[in-house]
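J.: This is the structure I have questions about; it appears just below.
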Amino acid sequence: MTLEARNVVAGYGDKSILEQVSFTLQDGETLAFFGHNGAGKSTTLKAVVGLIPVQAGEILLDGERIDGMPIADRLERGLRLLPERRGVFPDLSVKDNIDIVARRNCAGSGSKIARDDVYELLPMLKSLRGATAGAMSGGQQQMLAFALCLLGSPRCILLEEPSVGLQPDLVEQLFGTIREVCVTLAVSAILIEHRIASAMRIADHVMIINSGRLVFRGTRAEAETINLWDYF
Ligand SMILES: Nc1ncnc2c1ncn2[C@@H]1O[C@H](COP(=O)(O)OP(=O)(O)O)[C@@H](O)[C@H]1O
Ligand SMILES: [Mg+2]
């Protein structure tokens, strides 16, 4: 099991948003995570990565409790977050963005995804090597941010709306790459997406949150038998 959340309660200040959120992800699995605006999707990912504290419950990565750990320790263990706001160095070229993060994340031997690998996984970055990151389209910056989050040895990648600003053909390419990374490298992923049909195609599991509570949790096959909108 890569990631496990057990009865997680979390929120902001004294206020709780998440109510007893529990889920598990095995190596190589992708979880599509849906819910209306303000339902608690981002809050869930923030609690997992450590941007907000857990008020109750436990989070485990590879069987180890991580919910009390500093963010840096969670990143070191392979947790990655692609936030809604693109995380790139805007004044640097694509190549420099990748080189800088690779130097930090791929320093030890045996990293799963090295500098050259991200160009293979996301070929559009090859032709953009010399481009200034901040001058690229939103979709291109999103691809770069995704590349940065893959560098090193990811175990679990948390993706917030990675398809925002991407042309439809690139969405399918990106989702294909997410799937490929998960399956071939035994990485797990949580995918928050408004493109429900596309996300479903690469998902092993589907989870829907409503007002901080998980209202549906099942396999993709189970999700295909229900009307997802009933749960929004
Ligand atoms: N920084 C914050 N401080 C206080 N409340 C917040 C903060 N961020 C989000 N919330 C509240 O938490 C709830 C869940 O938000 P969020 O997890 O961002 O929803 P989603 O990502 O599903 O759209 C909402 O009611 C939102 O107003
Ligand atoms: Mg959100």
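J.: Please go through segment 18-45 and pick out each residue that is crowded, with 23+ Cβ neighbours inside 10 Å and of a type in the set (Val, Ile, Thr).
T.: Matches in segment 18-45: VAL21, THR30, THR44.
J.: Residue by residue through segment 201-217, note down the ones that are in contact (Cβ under 8 Å) with a residue 60 or more places away in the chain and over 15 Å from the mean Cα position of the chain (by Cα).
T.: Correct list: ILE208, ILE209, ASN210, SER211, GLY212, ARG213, LEU214, ARG217.
J.: For the structure I just gave you, tell me whether GLY110 is part of a loop (DSSP other than H, G, I, E, B), out of contact with any strand residue (DSSP E or B) (no Cβ under 8 Å at 6 or more places or on another chain) and under 22 Å from VAL171 (Cα atoms).
T.: So GLY110 does not fit the description; no.
J.: Right, another one. Would it be correct to say that SER211 is surrounded by 18 or more Cβ atoms within 10 Å (Cβ to Cβ) and hydroxyl-bearing (Ser, Thr, Tyr)?
T.: When the stated conditions are applied, SER211 does not pass them.
J.: Starting from segment 162-180, take each residue that is within 11 Å of MET124 (Cβ to Cβ) and list its partners that are in a loop (DSSP other than H, G, I, E, B), counting only C-beta distances under 7 angstrom and pairs at least six apart or across chains.
T.: As it stands, the answer is LEU174/PRO162; LEU174/SER163; LEU174/LEU166; THR177/LEU122, since those pairs meet every condition given.
J.: Here's a follow-up. Cβ-Cβ under 9 Å, sequence separation 6+ or interchain: first residue in segment 35-50 and under 17 Å from PHE232 (Cβ atoms), partner assigned to a loop (DSSP other than H, G, I, E, B) and within 8 Å of ligand 2 (Cβ to nearest atom). Which pairs?
T.: SER42/GLU84
J.: If I filter segment 151-161 for residues that are buried (at least 19 other Cβ atoms within 10 Å of the Cβ), assigned to a helix (DSSP H, G or I) and of a type in the set (A, V, I, L, M, F, W, C), do I get at least one hit?
T.: So far as segment 151-161 goes, no, none of its residues is buried (at least 19 other Cβ atoms within 10 Å of the Cβ), assigned to a helix (DSSP H, G or I) and of a type in the set (A, V, I, L, M, F, W, C).
J.: Can you say whether LEU79 is crowded, with 16+ Cβ neighbours inside 10 Å, away from ligand 1 (no atom under 16 Å from the Cβ) and at pLDDT below 95, as far as the supplied structure shows?
T.: no
J.: Condition first: buried (at least 19 other Cβ atoms within 10 Å of the Cβ) and of a type in the set (Asp, Glu). Can you find one or more residues in segment 86-96 that meet it?
T.: Checked against the condition, which is being buried (at least 19 other Cβ atoms within 10 Å of the Cβ) and of a type in the set (Asp, Glu), segment 86-96 yields no hits at all.
J.: All but one of (1) away from ligand 1 (no atom under 15 Å from the Cβ); (2) at pLDDT below 95; (3) more than 23 Å from ALA203 (Cβ to Cβ) hold for ASP14; which doesn't?
T.: So the condition that ASP14 fails would be (1).
J.: As an exercise: evaluate SER93 against (1) modelled with pLDDT of 95 or more; (2) within 16 Å of ligand 1 (Cβ to nearest atom); (3) over 30 Å from GLU224 (Cβ atoms) and give the number of the one condition it does not meet.
T.: Unmet condition: (2).
J.: For segment 52-72, indicate whether the set of residues that are in a helix (DSSP H, G or I) and under 21 Å from ASP27 (Cβ atoms) is non-empty.
T.: Among the residues of segment 52-72, not one is in a helix (DSSP H, G or I) and under 21 Å from ASP27 (Cβ atoms), which makes the answer no.
J.: I would also like to ask the following. Does ILE71 satisfy the condition of being without any contact (Cβ under 8 Å) to a residue 24 or more places away in the chain and either crowded, with 21+ Cβ neighbours inside 10 Å or among the aliphatic types (A, V, I, L, M) (or both)? Show your work before the answer.
T.: Values: without any contact (Cβ under 8 Å) to a residue 24 or more places away in the chain: yes; either crowded, with 21+ Cβ neighbours inside 10 Å or among the aliphatic types (A, V, I, L, M) (or both): yes.
Judged against the criteria, ILE71 is a match.
The values are calculated or read from the model by the stated rules, or taken from the named source; none is laboratory data. Quantities reported herein were computed from a predicted structural model and do not represent experimental measurements. We place every Cβ from the backbone using ideal geometry, glycine too, and count neighbours over all the protein chains shown.
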